[in-house]
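Read the figures in this text as sums done on the coordinates, not as results from a lab. Worth saying up front: this structure is predicted, and the values here are computed from it rather than measured. Here the Cβ positions follow ideal geometry from the backbone for every residue, glycine too, while neighbour counts run over all protein chains shown.
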Amino acid sequence: MIIGAHVSAAGGIANAIDRGAAIGAEAVQIFGSSTRSWRFKPLSDDDAADFRQRNAAAGLAPPFLHAIYLINLGNANPDNVAKSVTSLVNYMHLADQIGAGGVIFHPGSHGGAGYDGVFRQVVDSITLVLEQTPEGPLLCLENMAGMGQHIGAKFSELGDVLKAVASPRLGICLDTQHAFAAGYDLTNPDGVAGMIDEFDRDIGLDRLAAVHANDSKRPCGSGVDRHDNIGEGLIGEQGFANIMSHPAFASVPFFLEVPGFGEKPNGPDQPNVDILKAIRAQVAG
């Protein structure tokens, strides 16, 4: 089990390697561009090679990319859907350049049209992305917390998309906080086992590509997306012990997306990484 973290790529994408290594991360997740803009600057071959070399030299596992927050494959505006597809295509090419395991993205919102109303649009958009990108990196849908009109808070919704696209290049990133907010009680072993059973039934455990390891500021079933530091939230350290001891997660990379400790938190930090590593050692016996 790899313990990684989302880190900044400011000042050059390869700088993320140093930031990850500095907090003890065993893999990094990064953005490849501004999260709030459609603009994308292609990476040069030299910079891509530098990233690969520094990642290998640091002994880190393959990185993952997180897509920008503007992505919404359920949008009613065709221009915005087209921009979402183009952005995912750009990110998939970047993932191939740097040797990333995949690109993780939020499916978006149906905007009141209902899941069934946007289902075919979502499937066709994902198919288009895969048709325009190289084999290798996975395109990973992330489960959502259920706030508003999210697509994918239910595993059955994600499973239906995977079945319709019918590509082995499509995977799932499981966010622990989103799952907790969507009603999956991860504070006890039975709750974790029940979630995994449902995931396997509706999606298939072979599609689980990564985990976003986040505690929750809001209670189970709240539908609210609010991450907390490991052990400070309502999932708690015992909840993460329940999660990390389940065999379904034995070989899946975990990426922290937590606020960080201290008076001026700045995202995932060494204390959060150390807590997950300690839990990993604990459940390994």
* To do: Give the cross-link partners of residue 83 among the aspartates and glutamates, using a straight C-alpha distance below 18 Å as the criterion and excluding same-chain residues fewer than 8 apart.
  => 124, 131
* Structure fact -> Per the rule of 0.36 nm per residue minus the C-alpha distance, extending residue 263 to residue 193 adds in nm 21.6 nm
* **Percentage of interatomic Cα-Cα distances in segment 130-285 larger than 18 Å** => 57
* Can you give the Kirkwood hydrodynamic radius of the chain from its Cα pairs, in Å with one decimal? -> 18.9
* To do: Kindly provide log₁₀ I(q)/I(0) values, in the same order as q = 0.16, 0.21, 0.24 Å⁻¹, from the Debye equation applied to equal alpha-carbon scatterers of segment 66-136.
  => -0.52, -0.84, -1.04
* Structure fact -> Low-density loop trypsin sites (Lys or Arg not before Pro), segment 36-77, at most 15 other Cβ within 10 Å, DSSP non-H/G/I/E/B, are 36, 39
* Subtract the Cα-Cα distance of residue 45 and residue 86 from 0.36 nm times their separation in residues, and report this length gain in nm to one decimal. => 12.7 nm
* Asked: Taking the Cα-to-Cβ direction at residue 200 and at residue 69 and moving 7 Å from each Cα, how far apart do the two end points lie in nm?
  -> 3.6
* Which whole-number percent of Cα pairs in segment 15-70 have a distance greater than 20 Å? -> 29
* Could you name the lysines whose alpha carbon sits less than 22 Å from that of residue 264, not counting residues in the same chain fewer than 8 places away? => 217
* Theoretical FRET efficiency, 1/(1+(r/R0)^6), r = Cβ-Cβ of residue 37 and residue 15, R0 22 Å, to 0.05 -> 0.65
* In nm, what is the difference between 0.36 nm times the number of residues separating residue 79 and residue 167 and their Cα-Cα distance? -> 29.2 nm
* segment 127-183: which GluC sites (Glu not before Pro) are DSSP loop and have at most 16 other beta-carbon atoms within 10 angstrom? -> 135
